[in-house]
Amino acid sequence: MSVVGFDIGNENCVIAVVKQRGIDVVLNDESKRETPSVVSFGEKQRFLGAAGAASATMNPKSTISQVKRLLGRKFREPCVQDDLRLFPFKTSEAPDGGILIYLQYLGQTDTFTPIQILAMLLAHLKQITEKDIEVPVSDCVIGIPSYFTDLQRHAYLHAAGIAGLKPLRLMHDCTATALGYGIYKTDFPNSGPCHVVFVDIGHCDTQVAVALFEPGSMKILSHAFDCNLGGRDFDEVLFRYFAAQFKEQYNIDVYSNTRASVRLRAACEKLKKVLSANPEAPLNIECLMDEKDVKGYIKREDFEKLSSDLLERLSIPCRKALADSGLTMEKIHTVELIGSGSRIPAITRILASVFGKEPRRTLNASECVARGCALQCAMLSPIFRVREYEVCVFVQLLTLWHFLLTTAHGFLLLLVSIRNDELSADSIFQSIVALCFFSVFFMLPF
């Protein structure tokens, strides 16, 4: 039985495997610990992961990245339309209101759904894992954002099934991080519970969770998020800045050229990382467009001014998570900062002002979710013995009422269908499920 944890990020994926000596991160074919979440279609073959990222600039219109943003979403959703404007590939609305992706492959135009693209990526990660551990992989735990809807979670399970995987559990990213943090930490104070805030700033989203730790157990007190605020938004700030600068200085419009846009966005992402460690950074790109070499320059101070709106938005989910937990700043023991977009120095200052203490980086920012998922998989596996550790997720009363109203709505639909003689297989199944949930709910002791 395989014991594997997958962190499917918007930009990169990480695979963690439990072995007898502990948890290891699997290296890909290029001996890197992170595999790009990219699927690219060439003229005669398909490129996945690192190979897909390498061919992205050559085939921008046939390269799919950030598929996580499209999974389980409707084409006409405003946030989906905002994302599609940034992607070079062609899309349209599916008959069921979903998203269809058009790609050139083997000399013809093929259509794919986001579930199919994710299944290709998961199959590639499965292949990498099997090559490393030399054991067939099926059972696993996959990390997902806390804001995912039921439709998005089912899409993940569907894609995993196509790839030949059997997810034992879909685990929230911050919950997986908290599990890996709490089960190994031995210096918690004995005077009472320890409260830790986990701030995960990823490539496309920000998630915040407040966790309570006690010896042998942990409890998630609250979740908050901004699903449209991440590292790529800071990249976009730099992209717009240099696009305007190059149009004025070199008389080129990168928005009109797909390949130039892809290259400039990649350069801006590297520039952001340089600014995280240096007060200023240059930007040089050869033959960006119309055979023109371009040069740019920006200071960290100017970058922070351009990103001031994003930095202000960052404090909103942090304050909401703190308020929902019912705690004050004085009761917070530690703030842990993780995620690929968390390396900007201004973010540290914002979090310090919100929680009243300097954030710490004791966890590996890119690997902690995958390690937590692998640990959860080991706890569910009969092969490994893991010390007893209880994981509780706090369910707010509002969520319970929403659930009850939803099931009641399904039951009423059944009554209306019977009255109007309009029964269907779907309505019967949904109503039976609703009745079962009602029965279990009212049998629970309070």
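Details
- Estimated dipole of the chain in Debye, rounded to 20 [Cβ of Lys and Arg +1, of Asp and Glu -1, Cα centre]: 460
- Per-peptide average of other Cβ atoms within 10 Å, ordering 40-52, 231-243 highest first: 231-243, 40-52
- Gain on full extension, evaluated as 0.36 nm per residue between ASP187 and ASP302 minus their Cα-Cα distance, stands at 37.3 nm.
- Residue separation of ARG360 and ALA323 scaled by 0.36 nm, minus their Cα-Cα distance, works out to 11.2 nm of gained length.
- Mean separation of Cα contacts under 8 Å, 6 or more apart, over the residue count of the stretch 1-141: relative contact order %: 25
- Spin-label proximity, GLU390 to the stretch 207-242 - amide N less than 11 Å from point 7 Å beyond Cα toward beta carbon: 214-219
- Exposure proxy order (Cβ contacts within 10 Å, fewest to most) of VAL137, VAL391: VAL391, VAL137
- For LYS68, the aspartates and glutamates whose Cα comes closer than 12 Å to its Cα, not counting residues fewer than 8 places off in the same chain, are ASP7, GLU11, ASP83, ASP205.
- Order of THR206, THR91, THR186, THR258 - criterion: other Cβ atoms within 10 Å of each residue's Cβ, fewest first: THR186, THR258, THR91, THR206
- Relative packing of 138-147, 160-169, which averages over residues the other C-beta atoms within 10 Å, highest first: 138-147, 160-169
- Using a Förster distance of 30 Å, the FRET efficiency for ALA94-GLN45 (Cβ separation, nearest 0.05): 0.70
- Order of PHE384, PHE87 - criterion: other Cβ atoms within 10 Å of each residue's Cβ, fewest first: PHE384, PHE87
- The chain: relative contact order as a whole-number percent, Cα under 8 Å and 6+ apart: 16
- Projecting the Cα atoms of LEU283, SER65, GLN45 onto the charge dipole of the chain (Cβ charges, centred on the Cα centre) puts LEU283 farthest toward the positive pole.
- Rounded to whole Å, sorted largest first: equivalent-ellipsoid semi-axes of the stretch 231-306, Cα gyration tensor: 20, 12, 11
- Each eigenvalue of the Cα gyration tensor of the stretch 116-201, multiplied by 5 and square-rooted, gives one semi-axis; in descending order these are 31, 18, 10 Å.
- Straight-line cross-link partners of LYS219 among the aspartates and glutamates, defined as a Cα under 12 Å from its Cα and at least 8 positions apart when in the same chain: GLU390.
- Modelled label reach - ILE316, point 7 Å along Cα→Cβ, the stretch 121-159 residues with backbone N closer than 16 Å: 147
- Burial ranking of peptide ranges 4-12, 247-255, 314-322, 360-368 (average Cβ count within 10 Å, highest at the top): 4-12, 314-322, 360-368, 247-255
- If R0 is taken as 51 Å, the Cβ-Cβ distance between SER353 and ASP29 corresponds to a FRET efficiency of 0.70.
- Kyte-Doolittle mean at least -0.5 and Cα axial length at least 15 Å: DSSP H helices in the chain: 114-133, 150-162, 173-184, 258-277, 308-325, 345-355, 368-380, 397-420, 425-443
- Over 19 Å between alpha carbons, listed pairs LYS320/LYS357; LYS247/LYS292; LYS272/LYS295: none
Rule-based calculations on the coordinates, nothing more; no lab input. Just so it is clear, the model here is predicted, and its values are computed rather than measured. Cβ: placed from backbone, ideal geometry, glycine included. Neighbour counts: every protein chain shown.
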